[in-house]
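Since every read-out is calculated from the coordinates, none of them should be taken as a lab result. Everything quoted here is computed from the prediction, not taken from an experiment. Every residue, glycine among them, receives a Cβ derived from its backbone with ideal geometry; neighbour counts consider all protein chains shown.
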């Protein structure tokens, strides 16, 4: 049985994990939706297994199936002023990880 957790990214690519060892993906999203300002500086949420993103917010579906380390590099290499645009538009990965 897989365990799921929340991966919460900051705009600089750093992340924290929370709501670990959940059996259902929806259980993690329910916790994320109810966390309030607990992780205010980590506003980009995903659900992951140990190493892989398995569920994304709407608009970021192209990151599903990517390794956590890959998503971290993508976010780190985005211009902070254009981060939301980059993520929401699903620009090609090579523009972010080169």
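Of all the residues that make up region 33-47, how many are surrounded by 14 or more Cβ atoms within 10 Å (Cβ to Cβ) and farther than 12 Å from residue 16 by Cβ?
Looking only at that region, the number is 1.
Which of the residues that make up region 5-17 are surrounded by 14 or more Cβ atoms within 10 Å (Cβ to Cβ), more than 10 Å from the chain's Cα centre (by Cα) and farther than 10 Å from residue 47 by Cα?
11
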